[in-house]
Number of protein chains: 2
Amino acid sequence: MCIPGCQEVVARRLSRRGVFKGVAGMATLAGFSALPAGGAFAAPVSFSKVVDLTHVLDPSFPTYFGKPQLEIRQLFSFDKDGFNLNEWVVNEHTGTHLDTPFHFSKDGPSADALPIETLVVPLAVIDIREKAGADPDYRITAGDITAWEAANGPLPAGAAVALNSGWEAHLGTDRFRNADANGTLHFPGFHVDVAPVLAQKGVAGVVVDTLSLDYGASKDFAFHYKWLGSGHWGVEAAANLSALPAKGATLVVGGPKIKGASGGLSRVLALV
Amino acid sequence: MCIPGCQEVVARRLSRRGVFKGVAGMATLAGFSALPAGGAFAAPVSFSKVVDLTHVLDPSFPTYFGKPQLEIRQLFSFDKDGFNLNEWVVNEHTGTHLDTPFHFSKDGPSADALPIETLVVPLAVIDIREKAGADPDYRITAGDITAWEAANGPLPAGAAVALNSGWEAHLGTDRFRNADANGTLHFPGFHVDVAPVLAQKGVAGVVVDTLSLDYGASKDFAFHYKWLGSGHWGVEAAANLSALPAKGATLVVGGPKIKGASGGLSRVLALV
């Protein structure tokens with residue numbers, strides 16, 4: 001049942017830009033930065049409430065490719081069997097989920113290989129709601145990072161950076177995917193040039209409230225390749241980012257610990 | 001592919017004891033206690049390290065019914081397609097996972113309906129390694145709870161109680177399921193009489209390092225019915241419980257937020 005036609009779409013998109021060659025070269029060139037381990041909590045972390053950053057997932061949840069990516073099969077029911085139990089057929093990139101380095105690299109860390117220390121990290125939230133409202137193709141720039149740091153101080157070591165575009169408000173409407181007549185999506189994301197800036201600052205991962213780390217109109221997944229391909233992770237389709245402070249929260253990415261997974265549905269939350 | 005024969009096994013087990021009728025009665029009788037919400041963190045929580053309580057999951061991970069419950073299908077590969085992506089066919093009760101009230105009740109809360117406040121809670125760890133080593137059929141009793149409280153003070157409001165039986169040491173060997181010649185499993189668990197004791201103390205959930213909240217030899221899932229059926233949750237097959245203090249850790253159950261799920265693979269961790 002899963003994403004029929006999506007291989008064709010991606011292959012067409014990528015071959016159109018000759019991305020395959022470039023990617024292979026980049027992976028070889030960049031290698032994988034050592035993931036930061038343990039360093040995030042030099043001092044104790046304190047919190048007094050928990051904010052759930054995870055959307056409820058059902059088979060109708062929107063997907064990048066526009067086809068359902070979750071099937072729920074009832075195997076047992078309480079009335080008939082005395083207990084309830086389902087199995088799922090689920091694509092690794094569905095709902096609020098983790099993107100691992102392995103998703104866009106030949107041999108980067110998969111979900112089971114990301115140490116938990118790199119998934120519980122300080123969270124910086126960059127508010128681009130106004131810009132994204134004016135321009136759905138807006139891509140976060142190095143200038144947005146600089147502006148955040150000017151207001152909040154340097155990004156903490158091992159942090160995650162979340163893009164709060166306000167796109168969650170469109171969930172349940174066509175505006176969430178925002179496909180034009182040609183099928184091109186229009187929602188904000190990270191500009192490829194921001195990847196080395198964040199990497200240089202020791203950022204571990206990024207979070208978006210849309211269906212892709214790249215902006216929707218991307219034809220080449222440039223940020224995915226650059227960011228994940230250099231040993232970092234991402235979270236897509238996060239919820240409730242507007243409930244968080246610009247700094248001071250701790251992100252918990254409850255990603256699946258499945259051997260060889262390129263990502264997967266996750267319980268994502270913030271300790272505030 | 002999933003757990004062939006398991007319906008037959010359960011039906012046989014349950015009908016042998018006439019459990020169906022009793023269960024229906026119990027669910028009607030008990031109703032569902034209101035889940036505690038928000039009350040766990042009256043004071044700020046502090047931590048300085050994270051302990052991963054989640055096992056790596058692959059298709060060979062042992063299951064209660066002895067058949068594989070995870071299939072990983074590669075949909076795209078980096079070499080061929082420019083990125084890696086799989087889908088999973090997975091039973092909701094596989095690997096380190098959540099049991100919701102809905103798993104053993106007609107209409108208790110499913111995974112999407114458990115507020116995050118009830119999944120991030122103070123954790124009490126009860127060490128029964130010596131008892132379980134001497135008797136694999138050991139069931140934790142009200143006396144074990146009393147002994148823990150005598151040493152550590154009252155169980156905190158909204159807490160989770162973990163049974164550290166040391167059973168993790170048997171993972172990778174037949175001793176983990178520990179089936180006898182008749183197919184009966186032998187590993188420790190919670191005694192049904194402990195359920196009302198824990199409920200009365202306001203405990204939200206329980207954690208085991210084995211394949212079932214009930215002890216392996218249970219023929220009627222008595223603890224499951226009593227505990228889950230009264231609006232509480234459980235975690236099965238937790239890892240690393242021996243790395244935790246008896247009290248003072250905060251448990252984070254990163255359960256799946258899937259509509260109508262009876263449970264599911266989770267990232268479970270402790271903040272210490």
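The values are calculated or read from the model by the stated rules, or taken from the named source; none is laboratory data. Not measured: the values here are computed from a predicted model. In this analysis, Cβ positions are derived from the backbone assuming ideal geometry, glycine residues included, and neighbour counts consider all displayed protein chains. Ligands, DNA and RNA are stripped out before the accessible areas are found, and what is left, the full protein with its side chains, is counted by its heavy atoms. Shrake-Rupley method; radii C 1.70, N 1.55, O 1.52, S 1.80 Å.
A few notes on this one:
- Any chance B:Val197 is at pLDDT 95 or above, of a type outside the set (Phe, Trp, Tyr), in a strand (DSSP E or B) and out of contact with any Asp or Glu (no Cβ under 7 Å at 6 or more places or on another chain): no
- Residue within the stretch A:66-78 that is among the acidic types (Asp, Glu), in contact with a Lys or Arg (Cβ under 9 Å, 6 or more places away or on another chain) and at pLDDT 95 or above present: no
- Residues that are in contact with a Ser or Thr (Cβ under 8 Å, 6 or more places away or on another chain) and either open to solvent by 10 Å² or more (accessible area, probe 1.4 Å) or among the polar types (S, T, N, Q) (or both) within the stretch B:237-272 comprise B:Lys257, B:Lys259, B:Gly260, B:Ser262, B:Leu265, B:Ser266, B:Val272, listed in sequence order.
- Residues that are of a type in the set (Ser, Thr, Tyr) and more than 27 Å from A:Lys219 (Cα to Cα) within the stretch A:113-145 comprise just one, A:Thr118.
- Test: residue in the stretch A:220-231 that is surrounded by 21 or more Cβ atoms within 10 Å (Cβ to Cβ) and more than 14 Å from every other protein chain (Cβ to nearest Cβ): yes
- Residues of the stretch B:111-138 satisfying the condition of being surrounded by fewer than 22 Cβ atoms within 10 Å (Cβ to Cβ) and within 15 Å of B:Val253 (Cα to Cα): B:Asp112, B:Ala113, B:Pro115, B:Glu117, B:Pro122
- Qualifying residue in the stretch A:157-165 (condition: at pLDDT below 95 and in a loop (DSSP other than H, G, I, E, B)): yes
- Candidate set: the stretch A:65-92, residues that are among the aliphatic types (A, V, I, L, M) and in contact with a Pro (Cβ under 9 Å, 6 or more places away or on another chain); chosen: the one most open to solvent (accessible area, probe 1.4 Å): A:Ile72
- Looking across the stretch A:186-204, the residues that are over 17 Å from A:Asp127 (Cα atoms) and surrounded by 23 or more Cβ atoms within 10 Å (Cβ to Cβ) come down to A:Ala195, A:Val203, A:Ala204.
- Some residue of the stretch B:174-194 being in contact with a Leu (Cβ under 8 Å, 6 or more places away or on another chain), closer than 30 Å to A:Leu119 by Cα and within 14 Å of another protein chain (Cβ to nearest Cβ): no
- Residues of the stretch B:64-107 classified as touching a strand residue (DSSP E or B) at 6+ places or on another chain (Cβ under 9 Å), part of a helix (DSSP H, G or I) and within 8 Å of chain A (Cβ to nearest Cβ), total: 3
- Residues (away from chain A (no Cβ under 14 Å) and touching a residue at least 24 places away in the same chain (Cβ under 8 Å)) located in the stretch B:108-134: B:Leu123, B:Ala124, B:Val125, B:Ile126, B:Asp127, B:Ile128, B:Arg129, B:Lys131, B:Ala132, B:Gly133
Conditions tested, residue by residue: (1) in contact with a Pro (Cβ under 8 Å, 6 or more places away or on another chain); (2) under 28 Å from A:Leu244 (Cα atoms).
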{"site": "A:His97", "(1), (2)": "no, yes"}
{"site": "A:Lys106", "(1), (2)": "no, no"}
{"site": "A:Ala111", "(1), (2)": "yes, yes"}
{"site": "A:Ile116", "(1), (2)": "no, yes"}
{"site": "A:Pro122", "(1), (2)": "yes, yes"}
{"site": "A:Val125", "(1), (2)": "yes, yes"}
{"site": "A:Arg129", "(1), (2)": "no, yes"}
{"site": "A:Ala132", "(1), (2)": "yes, yes"}
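- Hits in the stretch A:139-157 (condition: open to solvent by less than 10 Å² (accessible area, probe 1.4 Å) and under 11 Å from A:Ala124 (Cα atoms)): A:Ile145
- Residue match in the stretch B:179-187 (condition: in contact with a Pro (Cβ under 8 Å, 6 or more places away or on another chain) and outside any loop (DSSP other than H, G, I, E, B)): no
- The residue that is modelled with the highest pLDDT, among those in the stretch B:40-57 that are more than 7 Å from every other protein chain (Cβ to nearest Cβ) and either loosely packed, with under 14 Cβ neighbours inside 10 Å or at positive phi (or both), is B:Ala43.
- Counting the residues of the stretch B:129-146 that are charged (D, E, K, R) and either over 18 Å from the mean Cα position of the chain (by Cα) or modelled with pLDDT under 95 (or both) gives 4.
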